[in-house]
1. In terms of Cα to Cα distance under 13 Å, which aspartates and glutamates are near enough to B:Lys140, apart from those fewer than 8 places away along the same chain?
2. Leaving ligands, DNA and RNA out of it, report the carbon-plus-sulfur percent of the accessible area of chain A at a 1.4 Å probe.
3. Which listed residue (A:Ala48, B:Gly156, A:Trp108) has the Cα farthest towards the positive end of the charge dipole for the protein assembly as shown, taking +1 on Lys and Arg C-beta and -1 on Asp and Glu C-beta about the Cα centre?
4. Largest first, what is the accessible-area ranking of A:His40, A:His77, B:His70 with a 1.4 Å probe?
5. Kindly give the distances from B:Lys140 to its copy-mates, label point to label point, with each label point 7 Å from Cα along Cα→Cβ, as nm values to one decimal ordered shortest first.
6. Taking only C-alpha pairs under 8 Å that are 6+ residues apart, what is the relative contact order of the stretch A:58-148 in percent?
7. From the label point of A:Glu67, set 7 Å from Cα along Cα→Cβ, how far away are the matching label points in the other copies, in nm, ordered shortest to longest?
8. Report the convex hull volume per residue for chain A, counting only C-alpha atoms, in Å³.
Number of protein chains: 2
Amino acid sequence: MSTVEETAGGEAQPWDEVTPDAARRLLLAAVEAFAERGYHATTTRDIASRAGMSPAALYIHYKTKEELLHRISRIGHEKALEILRTASRTGGGPTERLAEAVSSFVRWHAGGRTTARVVQYELDSLGPDARAEILGLRRKVDAEVRGIIEEGARSGEFDVIDVHATTLAVLSLCIDVARWFNVDGPRTPEEVGALYADLVLRMVGARGPGAAQR
Amino acid sequence: MSTVEETAGGEAQPWDEVTPDAARRLLLAAVEAFAERGYHATTTRDIASRAGMSPAALYIHYKTKEELLHRISRIGHEKALEILRTASRTGGGPTERLAEAVSSFVRWHAGGRTTARVVQYELDSLGPDARAEILGLRRKVDAEVRGIIEEGARSGEFDVIDVHATTLAVLSLCIDVARWFNVDGPRTPEEVGALYADLVLRMVGARGPGAAQR
DNA sequence: GCCGAGGGTGAGCGGGCGCTTAGCGAGCCC
DNA sequence: GGGCTCGCTAAGCGCCCGCTCACCCTCGGC
(Lines give C-alpha, C1' and ligand atoms only; values in the text may rest on other atoms or scores of the structure.)
Protein backbone atom coordinates (compact mmCIF):
# COMPACT_ATOMS: atom_id res chain seq x y z
CA MET A 1 0.00 0.00 0.00
CA SER A 2 2.98 2.21 0.59
CA THR A 3 3.97 4.12 -2.49
CA VAL A 4 7.48 5.20 -1.57
CA GLU A 5 10.29 2.91 -2.59
CA GLU A 6 11.63 1.16 0.45
CA THR A 7 14.81 -0.51 -0.68
CA ALA A 8 17.23 -0.70 2.23
CA GLY A 9 18.68 2.74 2.62
CA GLY A 10 16.97 4.07 -0.45
CA GLU A 11 13.66 4.73 1.21
CA ALA A 12 11.96 8.04 0.61
CA GLN A 13 15.17 10.06 0.70
CA PRO A 14 16.54 10.95 -2.74
CA TRP A 15 20.04 12.18 -1.77
CA ASP A 16 20.22 13.61 -5.26
CA GLU A 17 22.16 16.63 -4.07
CA VAL A 18 25.11 14.44 -3.13
CA THR A 19 27.61 14.10 -5.94
CA PRO A 20 29.63 12.44 -7.32
CA ASP A 21 28.10 8.99 -7.36
CA ALA A 22 30.78 7.42 -5.16
CA ALA A 23 30.25 10.07 -2.49
CA ARG A 24 26.52 9.35 -2.50
CA ARG A 25 27.06 5.61 -2.23
CA LEU A 26 29.32 6.16 0.76
CA LEU A 27 26.79 8.47 2.39
CA LEU A 28 24.02 5.96 1.87
CA ALA A 29 26.15 3.19 3.34
CA ALA A 30 26.88 5.43 6.32
CA VAL A 31 23.19 6.14 6.88
CA GLU A 32 22.44 2.42 6.94
CA ALA A 33 25.31 1.61 9.25
CA PHE A 34 24.68 4.51 11.65
CA ALA A 35 20.99 3.62 11.86
CA GLU A 36 21.72 -0.03 12.55
CA ARG A 37 24.49 0.24 15.10
CA GLY A 38 24.88 3.91 15.99
CA TYR A 39 27.63 6.31 15.02
CA HIS A 40 30.26 5.21 17.53
CA ALA A 41 29.76 1.51 16.92
CA THR A 42 30.17 1.96 13.17
CA THR A 43 33.65 1.68 11.68
CA THR A 44 34.89 3.47 8.61
CA ARG A 45 35.85 0.05 7.27
CA ASP A 46 32.22 -1.04 7.57
CA ILE A 47 30.93 2.00 5.73
CA ALA A 48 33.45 1.59 2.93
CA SER A 49 32.78 -2.10 2.47
CA ARG A 50 29.01 -1.53 2.36
CA ALA A 51 29.69 0.91 -0.46
CA GLY A 52 31.90 -1.69 -2.16
CA MET A 53 35.11 0.27 -1.70
CA SER A 54 38.36 0.09 0.21
CA PRO A 55 38.59 1.81 3.62
CA ALA A 56 40.77 4.55 2.18
CA ALA A 57 38.20 5.57 -0.45
CA LEU A 58 36.10 7.24 2.22
CA TYR A 59 38.76 9.90 2.81
CA ILE A 60 38.79 11.04 -0.80
CA HIS A 61 35.24 12.32 -0.45
CA TYR A 62 35.04 13.15 3.25
CA LYS A 63 37.63 14.58 5.59
CA THR A 64 36.52 12.56 8.60
CA LYS A 65 33.88 10.08 9.70
CA GLU A 66 32.20 12.94 11.55
CA GLU A 67 31.80 14.90 8.34
CA LEU A 68 29.65 12.06 7.04
CA LEU A 69 27.34 12.32 10.03
CA HIS A 70 27.29 16.09 9.75
CA ARG A 71 26.29 15.97 6.08
CA ILE A 72 23.61 13.35 6.74
CA SER A 73 22.27 15.33 9.65
CA ARG A 74 22.10 18.61 7.75
CA ILE A 75 20.46 17.17 4.68
CA GLY A 76 17.99 15.27 6.86
CA HIS A 77 17.07 18.27 8.93
CA GLU A 78 16.66 20.41 5.85
CA LYS A 79 14.36 17.79 4.39
CA ALA A 80 12.35 17.65 7.61
CA LEU A 81 12.04 21.42 7.68
CA GLU A 82 10.96 21.47 4.05
CA ILE A 83 8.25 18.90 4.75
CA LEU A 84 6.84 20.98 7.59
CA ARG A 85 7.04 24.22 5.62
CA THR A 86 5.24 22.69 2.67
CA ALA A 87 2.51 21.40 4.98
CA SER A 88 2.31 24.75 6.70
CA ARG A 89 1.83 26.53 3.38
CA THR A 90 -1.11 24.42 2.24
CA GLY A 91 -4.50 26.10 2.24
CA GLY A 92 -6.96 25.84 5.07
CA GLY A 93 -7.00 26.79 8.71
CA PRO A 94 -4.71 25.66 11.52
CA THR A 95 -6.58 22.36 11.87
CA GLU A 96 -5.95 21.23 8.29
CA ARG A 97 -2.42 22.55 8.32
CA LEU A 98 -1.53 20.88 11.61
CA ALA A 99 -3.03 17.60 10.42
CA GLU A 100 -1.09 17.80 7.18
CA ALA A 101 2.13 18.72 9.00
CA VAL A 102 1.88 15.85 11.46
CA SER A 103 0.84 13.22 8.95
CA SER A 104 3.58 14.09 6.47
CA PHE A 105 6.19 14.44 9.20
CA VAL A 106 5.22 11.05 10.60
CA ARG A 107 5.24 9.51 7.12
CA TRP A 108 8.78 10.71 6.71
CA HIS A 109 9.89 9.28 10.06
CA ALA A 110 8.23 5.95 9.37
CA GLY A 111 9.01 5.49 5.68
CA GLY A 112 12.51 6.85 5.96
CA ARG A 113 13.09 5.35 9.36
CA THR A 114 16.73 4.57 8.60
CA THR A 115 17.55 8.19 7.83
CA ALA A 116 15.27 9.60 10.49
CA ARG A 117 16.92 7.51 13.18
CA VAL A 118 20.32 8.94 12.40
CA VAL A 119 18.98 12.46 12.06
CA GLN A 120 17.05 12.41 15.33
CA TYR A 121 19.18 10.29 17.60
CA GLU A 122 22.82 10.70 16.60
CA LEU A 123 22.93 14.45 17.06
CA ASP A 124 25.01 14.21 20.23
CA SER A 125 27.78 12.42 18.38
CA LEU A 126 28.58 15.58 16.45
CA GLY A 127 31.29 17.95 17.60
CA PRO A 128 30.28 21.28 19.19
CA ASP A 129 30.34 23.37 16.00
CA ALA A 130 28.39 20.98 13.81
CA ARG A 131 26.02 20.31 16.68
CA ALA A 132 25.33 24.02 17.11
CA GLU A 133 24.57 24.39 13.42
CA ILE A 134 22.10 21.50 13.47
CA LEU A 135 20.45 22.80 16.63
CA GLY A 136 19.69 25.98 14.68
CA LEU A 137 17.77 23.91 12.15
CA ARG A 138 15.93 22.13 14.93
CA ARG A 139 14.77 25.43 16.36
CA LYS A 140 13.31 26.26 12.96
CA VAL A 141 11.49 22.93 12.91
CA ASP A 142 10.13 23.70 16.34
CA ALA A 143 9.07 27.21 15.30
CA GLU A 144 7.18 25.86 12.30
CA VAL A 145 4.98 23.59 14.41
CA ARG A 146 4.62 26.14 17.17
CA GLY A 147 3.48 28.69 14.62
CA ILE A 148 0.54 26.58 13.55
CA ILE A 149 -0.47 25.75 17.11
CA GLU A 150 -0.13 29.38 18.18
CA GLU A 151 -2.35 30.54 15.34
CA GLY A 152 -5.01 27.97 16.18
CA ALA A 153 -4.89 28.96 19.82
CA ARG A 154 -5.19 32.65 19.02
CA SER A 155 -8.14 32.18 16.69
CA GLY A 156 -9.89 29.96 19.21
CA GLU A 157 -9.87 27.04 16.80
CA PHE A 158 -7.63 25.15 19.22
CA ASP A 159 -7.88 24.86 22.96
CA VAL A 160 -4.34 24.77 24.26
CA ILE A 161 -3.13 25.43 27.81
CA ASP A 162 0.62 25.62 27.17
CA VAL A 163 1.69 26.24 23.58
CA HIS A 164 5.37 25.47 24.17
CA ALA A 165 4.77 22.21 25.99
CA THR A 166 2.17 21.11 23.46
CA THR A 167 4.55 21.85 20.59
CA LEU A 168 7.19 19.76 22.30
CA ALA A 169 4.72 16.93 22.82
CA VAL A 170 3.60 16.97 19.18
CA LEU A 171 7.19 16.81 17.99
CA SER A 172 7.93 14.07 20.52
CA LEU A 173 5.16 11.97 19.13
CA CYS A 174 6.39 12.35 15.55
CA ILE A 175 10.09 11.89 16.28
CA ASP A 176 9.62 8.84 18.45
CA VAL A 177 8.11 7.06 15.45
CA ALA A 178 11.66 6.67 14.14
CA ARG A 179 12.52 4.70 17.29
CA TRP A 180 9.78 2.09 17.16
CA PHE A 181 8.49 1.94 13.60
CA ASN A 182 9.07 -1.37 11.89
CA VAL A 183 8.78 -1.61 8.11
CA ASP A 184 7.65 -5.23 8.44
CA GLY A 185 5.09 -4.32 11.09
CA PRO A 186 1.32 -4.27 10.68
CA ARG A 187 0.96 -0.59 9.78
CA THR A 188 2.08 1.44 6.77
CA PRO A 189 3.63 4.87 7.20
CA GLU A 190 0.44 6.38 5.73
CA GLU A 191 -1.74 4.66 8.33
CA VAL A 192 0.43 5.79 11.21
CA GLY A 193 0.49 9.32 9.78
CA ALA A 194 -3.31 9.48 9.66
CA LEU A 195 -3.67 7.99 13.13
CA TYR A 196 -1.17 10.39 14.64
CA ALA A 197 -2.70 13.40 12.93
CA ASP A 198 -5.98 12.51 14.59
CA LEU A 199 -4.31 12.10 17.99
CA VAL A 200 -2.60 15.46 17.66
CA LEU A 201 -5.81 17.25 16.75
CA ARG A 202 -7.27 15.84 19.92
CA MET A 203 -4.28 17.03 21.91
CA VAL A 204 -4.76 20.61 20.76
CA GLY A 205 -8.51 20.39 21.29
CA ALA A 206 -9.27 21.21 17.66
CA ARG A 207 -12.92 22.11 17.12
CA GLY A 208 -12.64 23.31 13.57
CA PRO A 209 -13.36 21.36 10.39
CA GLY A 210 -11.15 18.33 10.06
CA ALA A 211 -11.21 17.56 13.76
CA ALA A 212 -12.31 14.08 14.67
CA GLN A 213 -16.01 14.52 15.24
CA ARG A 214 -18.26 11.81 16.49
CA MET B 1 9.58 22.74 43.59
CA SER B 2 10.92 19.32 42.81
CA THR B 3 11.15 17.08 45.85
CA VAL B 4 13.32 14.28 44.52
CA GLU B 5 17.04 14.62 45.05
CA GLU B 6 18.69 15.51 41.81
CA THR B 7 22.39 15.23 42.44
CA ALA B 8 24.18 14.21 39.28
CA GLY B 9 23.50 10.54 38.82
CA GLY B 10 21.72 10.23 42.13
CA GLU B 11 18.39 11.51 40.91
CA ALA B 12 15.26 9.62 41.81
CA GLN B 13 16.84 6.18 41.43
CA PRO B 14 17.95 4.59 44.71
CA TRP B 15 20.10 1.70 43.34
CA ASP B 16 19.90 0.26 46.84
CA GLU B 17 19.74 -3.27 45.51
CA VAL B 18 23.25 -3.01 44.13
CA THR B 19 25.90 -4.21 46.56
CA PRO B 20 28.63 -3.93 47.62
CA ASP B 21 29.23 -0.22 47.73
CA ALA B 22 32.03 -0.25 45.15
CA ALA B 23 29.80 -2.08 42.67
CA ARG B 24 27.10 0.54 43.12
CA ARG B 25 29.53 3.41 42.65
CA LEU B 26 30.73 1.84 39.42
CA LEU B 27 27.18 1.32 38.23
CA LEU B 28 26.29 4.91 38.99
CA ALA B 29 29.36 6.14 37.16
CA ALA B 30 28.40 3.98 34.20
CA VAL B 31 24.86 5.40 34.14
CA GLU B 32 26.24 8.93 34.04
CA ALA B 33 28.77 8.15 31.34
CA PHE B 34 26.38 6.14 29.15
CA ALA B 35 23.75 8.88 29.39
CA GLU B 36 26.24 11.60 28.46
CA ARG B 37 28.08 9.96 25.60
CA GLY B 38 26.30 6.72 24.80
CA TYR B 39 27.42 3.16 25.49
CA HIS B 40 29.87 2.76 22.63
CA ALA B 41 31.53 6.13 23.16
CA THR B 42 32.12 5.38 26.83
CA THR B 43 35.35 3.68 27.85
CA THR B 44 35.82 1.40 30.82
CA ARG B 45 38.63 3.71 31.91
CA ASP B 46 36.16 6.61 32.02
CA ILE B 47 33.68 4.66 34.14
CA ALA B 48 36.36 3.54 36.56
CA SER B 49 37.86 7.00 36.97
CA ARG B 50 34.42 8.54 37.58
CA ALA B 51 34.03 6.02 40.38
CA GLY B 52 37.49 6.94 41.68
CA MET B 53 39.04 3.58 40.88
CA SER B 54 41.61 2.07 38.60
CA PRO B 55 40.48 0.61 35.25
CA ALA B 56 41.00 -2.93 36.51
CA ALA B 57 38.63 -2.49 39.47
CA LEU B 58 35.65 -2.67 37.16
CA TYR B 59 36.35 -6.30 36.33
CA ILE B 60 36.21 -7.39 39.95
CA HIS B 61 32.51 -6.59 40.09
CA TYR B 62 31.45 -7.02 36.48
CA LYS B 63 32.53 -9.52 33.87
CA THR B 64 32.28 -7.10 30.94
CA LYS B 65 31.28 -3.58 30.11
CA GLU B 66 28.09 -5.00 28.62
CA GLU B 67 27.12 -6.56 31.93
CA LEU B 68 27.02 -3.06 33.38
CA LEU B 69 24.58 -1.92 30.72
CA HIS B 70 22.53 -5.08 31.16
CA ARG B 71 22.24 -4.58 34.92
CA ILE B 72 21.33 -0.90 34.51
CA SER B 73 18.78 -1.74 31.87
CA ARG B 74 17.11 -4.46 33.90
CA ILE B 75 16.91 -2.48 37.12
CA GLY B 76 15.61 0.54 35.20
CA HIS B 77 12.96 -1.41 33.36
CA GLU B 78 11.84 -3.09 36.56
CA LYS B 79 11.53 0.29 38.20
CA ALA B 80 9.53 1.63 35.24
CA LEU B 81 7.23 -1.37 35.37
CA GLU B 82 6.76 -0.97 39.10
CA ILE B 83 5.81 2.69 38.66
CA LEU B 84 3.15 1.83 36.09
CA ARG B 85 1.80 -1.08 38.15
CA THR B 86 1.52 1.09 41.24
CA ALA B 87 -0.33 3.74 39.26
CA SER B 88 -2.54 1.11 37.70
CA ARG B 89 -3.48 -0.24 41.13
CA THR B 90 -4.65 3.09 42.53
CA GLY B 91 -8.35 3.53 43.02
CA GLY B 92 -10.61 5.19 40.52
CA GLY B 93 -11.62 4.58 36.95
CA PRO B 94 -9.49 4.35 33.84
CA THR B 95 -9.29 8.14 33.60
CA GLU B 96 -7.69 8.62 37.01
CA ARG B 97 -5.48 5.60 36.60
CA LEU B 98 -4.25 6.64 33.16
CA ALA B 99 -3.57 10.15 34.40
CA GLU B 100 -1.64 8.81 37.38
CA ALA B 101 0.28 6.35 35.20
CA VAL B 102 1.31 8.99 32.69
CA SER B 103 2.20 11.66 35.20
CA SER B 104 4.31 9.35 37.36
CA PHE B 105 5.94 7.73 34.34
CA VAL B 106 6.81 11.16 32.93
CA ARG B 107 8.10 12.32 36.29
CA TRP B 108 10.46 9.37 36.31
CA HIS B 109 11.70 10.08 32.79
CA ALA B 110 12.23 13.75 33.57
CA GLY B 111 13.59 13.58 37.11
CA GLY B 112 15.71 10.55 36.43
CA ARG B 113 16.58 11.62 32.93
CA THR B 114 20.11 10.27 33.20
CA THR B 115 18.94 6.77 34.00
CA ALA B 116 15.94 6.91 31.70
CA ARG B 117 18.10 7.87 28.75
CA VAL B 118 20.25 4.81 29.14
CA VAL B 119 17.29 2.56 29.78
CA GLN B 120 15.28 3.77 26.78
CA TYR B 121 17.92 4.50 24.18
CA GLU B 122 20.85 2.15 24.73
CA LEU B 123 18.85 -1.05 24.40
CA ASP B 124 20.30 -1.86 20.99
CA SER B 125 23.82 -1.92 22.39
CA LEU B 126 23.01 -5.09 24.33
CA GLY B 127 23.82 -8.51 22.93
CA PRO B 128 20.98 -10.70 21.62
CA ASP B 129 20.32 -12.61 24.85
CA ALA B 130 20.27 -9.63 27.18
CA ARG B 131 18.29 -7.68 24.63
CA ALA B 132 15.64 -10.39 24.42
CA GLU B 133 15.29 -10.44 28.19
CA ILE B 134 14.80 -6.68 28.35
CA LEU B 135 12.33 -6.75 25.47
CA GLY B 136 10.22 -9.07 27.61
CA LEU B 137 10.06 -6.40 30.31
CA ARG B 138 9.14 -3.80 27.71
CA ARG B 139 6.22 -5.88 26.56
CA LYS B 140 4.97 -5.92 30.15
CA VAL B 141 5.28 -2.13 30.30
CA ASP B 142 3.30 -1.92 27.10
CA ALA B 143 0.65 -4.31 28.41
CA GLU B 144 0.20 -2.27 31.56
CA VAL B 145 -0.67 0.90 29.66
CA ARG B 146 -2.70 -0.93 27.07
CA GLY B 147 -4.72 -2.55 29.84
CA ILE B 148 -5.88 0.79 31.19
CA ILE B 149 -6.72 2.17 27.75
CA GLU B 150 -8.55 -1.01 26.80
CA GLU B 151 -10.66 -0.88 29.93
CA GLY B 152 -11.56 2.75 29.35
CA ALA B 153 -12.46 2.00 25.74
CA ARG B 154 -14.63 -0.96 26.72
CA SER B 155 -16.50 0.95 29.38
CA GLY B 156 -17.08 3.88 27.04
CA GLU B 157 -15.18 6.22 29.31
CA PHE B 158 -12.60 6.66 26.57
CA ASP B 159 -13.14 7.19 22.88
CA VAL B 160 -10.32 5.37 21.12
CA ILE B 161 -10.11 4.31 17.48
CA ASP B 162 -7.04 2.08 17.64
CA VAL B 163 -6.02 0.83 21.09
CA HIS B 164 -2.62 -0.49 20.01
CA ALA B 165 -1.59 2.64 18.16
CA THR B 166 -2.82 4.86 20.96
CA THR B 167 -0.88 2.84 23.53
CA LEU B 168 2.22 3.23 21.41
CA ALA B 169 1.64 6.95 21.11
CA VAL B 170 1.16 7.40 24.85
CA LEU B 171 4.37 5.53 25.58
CA SER B 172 6.15 7.52 22.87
CA LEU B 173 5.17 10.74 24.53
CA CYS B 174 6.43 9.61 27.91
CA ILE B 175 9.66 8.01 26.71
CA ASP B 176 10.66 10.92 24.49
CA VAL B 177 10.76 13.12 27.59
CA ALA B 178 14.08 11.47 28.43
CA ARG B 179 15.47 12.76 25.11
CA TRP B 180 14.63 16.45 25.51
CA PHE B 181 14.08 17.14 29.18
CA ASN B 182 16.57 19.55 30.69
CA VAL B 183 16.94 19.78 34.46
CA ASP B 184 17.94 23.43 34.12
CA GLY B 185 14.99 24.16 31.85
CA PRO B 186 11.88 26.15 32.75
CA ARG B 187 9.71 23.23 33.81
CA THR B 188 9.91 20.81 36.74
CA PRO B 189 9.27 17.09 36.26
CA GLU B 190 6.01 17.52 38.17
CA GLU B 191 4.78 20.23 35.81
CA VAL B 192 5.61 18.21 32.72
CA GLY B 193 3.93 15.18 34.27
CA ALA B 194 0.70 17.09 34.88
CA LEU B 195 0.77 18.68 31.42
CA TYR B 196 1.36 15.36 29.70
CA ALA B 197 -1.34 13.59 31.71
CA ASP B 198 -3.79 16.19 30.45
CA LEU B 199 -2.61 15.74 26.86
CA VAL B 200 -2.97 11.97 27.09
CA LEU B 201 -6.50 12.20 28.48
CA ARG B 202 -7.35 14.31 25.46
CA MET B 203 -5.76 11.74 23.15
CA VAL B 204 -7.96 8.96 24.48
CA GLY B 205 -11.02 11.20 24.43
CA ALA B 206 -11.63 10.79 28.16
CA ARG B 207 -15.07 12.03 29.17
CA GLY B 208 -15.07 10.75 32.74
CA PRO B 209 -14.20 12.68 35.87
CA GLY B 210 -10.68 14.03 35.79
CA ALA B 211 -10.79 14.78 32.09
CA ALA B 212 -9.99 18.34 31.10
CA GLN B 213 -13.41 19.88 30.95
CA ARG B 214 -14.03 23.37 29.80
C1' DG C 1 51.38 -13.91 64.58
C1' DC C 2 50.20 -16.36 60.69
C1' DC C 3 46.91 -17.42 57.00
C1' DG C 4 43.47 -17.08 53.61
C1' DA C 5 40.14 -14.41 51.26
C1' DG C 6 38.65 -10.68 48.98
C1' DG C 7 38.97 -5.85 47.13
C1' DG C 8 42.15 -3.23 44.87
C1' DT C 9 46.34 -1.60 41.75
C1' DG C 10 50.09 -1.00 37.85
C1' DA C 11 51.55 -2.57 33.89
C1' DG C 12 50.59 -4.28 29.73
C1' DC C 13 48.51 -7.68 26.05
C1' DG C 14 46.33 -8.26 21.53
C1' DG C 15 43.59 -6.12 18.52
C1' DG C 16 40.86 -2.96 15.97
C1' DC C 17 40.24 1.82 15.44
C1' DG C 18 40.52 6.46 12.46
C1' DC C 19 43.25 8.04 9.30
C1' DT C 20 47.63 8.59 6.00
C1' DT C 21 50.69 7.75 2.33
C1' DA C 22 52.86 5.91 -1.82
C1' DG C 23 51.65 4.28 -5.88
C1' DC C 24 48.62 2.53 -9.78
C1' DG C 25 45.61 2.64 -13.87
C1' DA C 26 41.99 4.70 -16.79
C1' DG C 27 40.64 8.69 -19.26
C1' DC C 28 41.32 13.30 -21.33
C1' DC C 29 44.08 17.26 -23.48
C1' DC C 30 47.11 18.73 -26.68
C1' DG D 1 51.17 9.11 -27.58
C1' DG D 2 53.21 11.37 -23.60
C1' DG D 3 51.98 13.38 -19.49
C1' DC D 4 48.68 15.09 -16.13
C1' DT D 5 44.68 14.47 -13.34
C1' DC D 6 41.60 12.04 -10.60
C1' DG D 7 39.55 8.15 -8.23
C1' DC D 8 40.98 4.47 -5.95
C1' DT D 9 43.78 0.71 -3.45
C1' DA D 10 47.30 -1.86 -0.39
C1' DA D 11 49.76 -1.35 3.33
C1' DG D 12 50.43 0.30 7.52
C1' DC D 13 51.11 3.96 11.49
C1' DG D 14 50.08 5.32 16.01
C1' DC D 15 46.74 5.20 19.32
C1' DC D 16 43.49 3.64 22.55
C1' DC D 17 40.23 0.16 23.39
C1' DG D 18 38.36 -3.95 26.42
C1' DC D 19 40.28 -6.86 29.25
C1' DT D 20 44.01 -9.74 32.01
C1' DC D 21 47.53 -10.90 35.20
C1' DA D 22 50.78 -10.78 38.85
C1' DC D 23 51.01 -8.80 42.90
C1' DC D 24 49.69 -6.02 47.24
C1' DC D 25 47.17 -4.44 51.27
C1' DT D 26 43.73 -5.05 54.89
C1' DC D 27 41.21 -7.53 57.97
C1' DG D 28 38.89 -11.40 60.58
C1' DG D 29 39.66 -16.16 62.63
C1' DC D 30 42.31 -19.05 65.50
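1. B:Glu78, B:Glu82
2. Of the solvent-accessible surface of chain A, carbon and sulfur hold 51 percent.
3. Comparing the listed Cα positions along the dipole, A:Ala48 ranks first.
4. From most exposed to least exposed: A:His40, B:His70, A:His77.
5. Output for B:Lys140: 4.6 nm, nearest copy listed first.
6. Taking the mean separation of contacting Cα pairs over the length of the stretch A:58-148, I get 40 percent.
7. So the label point of A:Glu67 gives 4.3 nm to the other copies.
8. Cα-based convex hull of chain A, divided per residue, equals 122 Å³.
The values are calculated or read from the model by the stated rules, or taken from the named source; none is laboratory data. Worth saying up front: this structure is predicted, and the values here are computed from it rather than measured. Glycine gets a Cβ as well: all are built from the backbone with ideal geometry, and neighbour counts include every protein chain shown. In case anyone asks, the SASA skips ligands and DNA or RNA and just uses the protein heavy atoms, side chains included. Shrake-Rupley method; radii C 1.70, N 1.55, O 1.52, S 1.80 Å.
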